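The values are calculated or read from the model by the stated rules, or taken from the named source; none is laboratory data. Owing to the predicted nature of the structure, the values given are computational and were not obtained by experimental measurement. No Cβ is skipped: glycine too gets one built from the backbone with ideal geometry, and neighbour counts run over all protein chains shown.
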Amino acid sequence: MDIGKVIESRRSIRSYKDKKVSWKLISEILNAATFSPSSGNQQNWRFVIVNEGDKKSQIAVACLKQEWMNTAPIHIVICADYSNI
């Protein structure tokens, strides 16, 4: 795979299908994310799945009022736990 083509074809997705995401797929995504490298292999991340409309709206407001985020079926919030680092 040509890295230049990968970088050039990157997209910022801001519209989503009105379709539920299965928990099986969410689980697969999170499982893949756990293989990401981390400093000292600390794996200090925590994942929070948000699918409630009001909470998604609050997250969109907290993210500099990016209301387009509300059209996503779920939000995956990635948090870092620095207590052991």
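Looking only at the stretch 71-82, count every residue that is more than 13 Å from Asp18 (Cα to Cα) and either part of a helix (DSSP H, G or I) or over 14 Å from the mean Cα position of the chain (by Cα) (or both) and tell me the total. Don't jump to the end; show me each part of the working.
Going residue by residue through the stretch 71-82, those that are more than 13 Å from Asp18 (Cα to Cα) are 75-82.
Okay, now just the ones that are also either part of a helix (DSSP H, G or I) or over 14 Å from the mean Cα position of the chain (by Cα) (or both), so 81-82.
Residues that pass the stated criteria total 2.
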Original post:
Identify, please: which residue in the stretch 71-85 is of a type in the set (Ser, Thr, Tyr) and modelled with pLDDT under 90 and is, among those, nearest to Ile13 (Cα to Cα)?
Top reply: Tyr82
Original post:
Within the stretch 35-55, restricting attention to residues that are aromatic (Phe, Trp, Tyr) and part of a strand (DSSP E or B), which residue is modelled with the lowest pLDDT?
Top reply: Trp45
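May I ask you to verify whether Lys19 is in a helix (DSSP H, G or I) and of a type in the set (Lys, Arg)?
Values: in a helix (DSSP H, G or I): no; of a type in the set (Lys, Arg): yes.
Spelling it out, it is not the case that Lys19 is in a helix (DSSP H, G or I) and of a type in the set (Lys, Arg).
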**OP:** Out of Asp2, Asp81, report the one residue that is surrounded by 10 or more Cβ atoms within 10 Å (Cβ to Cβ) and either in contact with a Phe, Trp or Tyr (Cβ under 6 Å, 6 or more places away or on another chain) or not hydrophobic (A, V, I, L, M, F, W, C) (or both).
**Re:** Asp81
Subject >> Some residue of the stretch 56-70 being assigned to a loop (DSSP other than H, G, I, E, B), surrounded by 11 or more Cβ atoms within 10 Å (Cβ to Cβ) and at pLDDT 90 or above >> reply: yes
Original post:
Pairs, please: C-beta under 6 Å, at least 6 apart or cross-chain, first residue surrounded by 11 or more Cβ atoms within 10 Å (Cβ to Cβ) and in the stretch 12-36, second hydroxyl-bearing (Ser, Thr, Tyr)?
Top reply: Tyr16/Thr71
